[in-house]
Amino acid sequence: MKRIDIASKTITLLTALSVVYAALESNILFIAPIVTLAIPYTFMKEKGLEHYAQNKRILNNLFLFNILSFMIVSMISNHMNQTVFDIVVNMVVSYAYFKVIWAIEKKQIKVYKNPELLCEKLEDKIQVLEAMKEKLENDMESIDNEKAKISLETKLLALNQKILQDKSQLEIIKMKIETQKNDIK
């Protein structure tokens, strides 16, 4: 499974939102999340894939600290205006994005670490693909237009290749499961 650096993707989103806000509102204050969150994260993060989980925790803590700081300072100073509110919303949206893709990543890791669960997911996917194949074959019989028929044949060929790839992958996973069961005995 290819790991995508969700912390870097989140920082990119936060930076883009901040720059767009600043440009649209013609107000430099909207780049505050870049100064208080993106830049510190860049200096605090560890290099290398072995620090991936640590970097996610660092970014999570930075988000929480910044959101709470902005809100607490606004409440204490009794100076919550539209700009501060928009900055906090920008950070909350970016943080929500970060948490959602982190949860998706956790679920994917759980599936890939469990061959039985992966096997079930792959079997479900193959069933869906075979149903699509059957529908395409039925559609091909009812089409008179040669161009449309060629298009459907191309799609059918690609679908057949995908089904074959998934079936061979499924067989490999089943062999791995069987090997694990035999090793346990």
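The values are calculated or read from the model by the stated rules, or taken from the named source; none is laboratory data. In this text the structure is predicted, and so the values were computed from the model without any measurement. In this analysis, Cβ positions are derived from the backbone assuming ideal geometry, glycine residues included, and neighbour counts consider all displayed protein chains. For accessibility, only protein heavy atoms count, side chains too; no ligands or nucleic acids. Shrake-Rupley method; radii C 1.70, N 1.55, O 1.52, S 1.80 Å.
For the range 142-153, putting each phi into the Karplus relation 6.51 cos²θ - 1.76 cosθ + 1.60 with θ = phi - 60° gives couplings of 9, 9, 9, 5, 5, 5, 5, 5, 5, 4, 5, 5 Hz, in residue order, rounded to whole numbers and with x for Gly and Pro. The calculated FRET efficiency for ILE28 paired with LYS106, based on their beta-carbon distance and R0 = 25 Å, is about 0.10.
Between the residues PHE85, GLN180, ILE67, the greatest Cα displacement towards the positive end of the dipole of the range 55-185, with unit charges on the Cβ of Lys, Arg, Asp and Glu, is found for ILE67. Between ALA16, ALA131, ALA32, the residue with the greatest mean-square fluctuation in the GNM of the chain (Cα pairs under 10 Å linked by springs) is ALA131. From the Cα gyration tensor of the range 1-44, with a ≥ b ≥ c the square roots of its eigenvalues, which class applies: rounded if a/c is under 1.5, or else prolate if a/b is larger than b/c, or else oblate? Here the range 1-44 falls in the oblate category. In this simple spin-label approximation, MET140 and GLN82 carry label points 7 Å from Cα along the Cα→Cβ vector, and these lie 6.0 nm apart. Annotation: PHE70 carries an accessible surface of approximately 40 Å², with a 1.4 Å probe and no ligand, DNA or RNA atoms counted. Per residue, the chain exposes 68 Å² of accessible surface when a 1.4 Å probe is rolled over the protein heavy atoms with every protein chain present. Between the helical axis of 6-25 and the longest alpha-carbon principal axis of the chain there is an angle of about 50 degrees. Fully extending the segment from SER74 to LYS162, taken as 0.36 nm per residue of separation minus the present Cα-Cα distance, adds 26.2 nm. Per-residue ellipticity at 222 nm, computed for the chain from helices alone with -39500 (n - 2.57) per DSSP H run of at least four residues, works out to -29000 deg cm²/dmol. Under the simplified labelling scheme, the GLU116-LYS9 pair shows an inter-label distance of 3.0 nm, with each label point 7 Å from Cα along Cα→Cβ.
Any chance you could check the Cα centroid distance between the range 50-67 and the range 86-130 for me, in angstrom? Each part's Cα centre sits 19 Å from the other's. In the chain, the portion of solvent-accessible area held by carbon and sulfur atoms comes to 62 percent [1.4 Å probe, whole percent, DNA, RNA and ligands not counted]. Measuring against 29 Å, Cα to Cα, the residue pairs LYS56/LYS181; LYS107/LYS174; LYS56/LYS125; LYS110/LYS135; LYS47/LYS110; LYS99/LYS174 contain LYS56/LYS181; LYS56/LYS125; LYS110/LYS135; LYS99/LYS174 as the ones spanning a longer distance. Net length available on complete extension from GLN169 to ALA53 is 38.9 nm, with 0.36 nm assigned per residue and the Cα-Cα distance removed. Just ASP139, ASP166, ASP124 to compare: in a GNM of the chain, with alpha carbon springs under 10 Å, which one fluctuates most? Greatest mean-square fluctuation among the candidates belongs to ASP139. A value for percent of Cα pairs over 20 Å apart was derived from the coordinates, and within the list (i) 69; (ii) 51; (iii) 56 it appears as (i).
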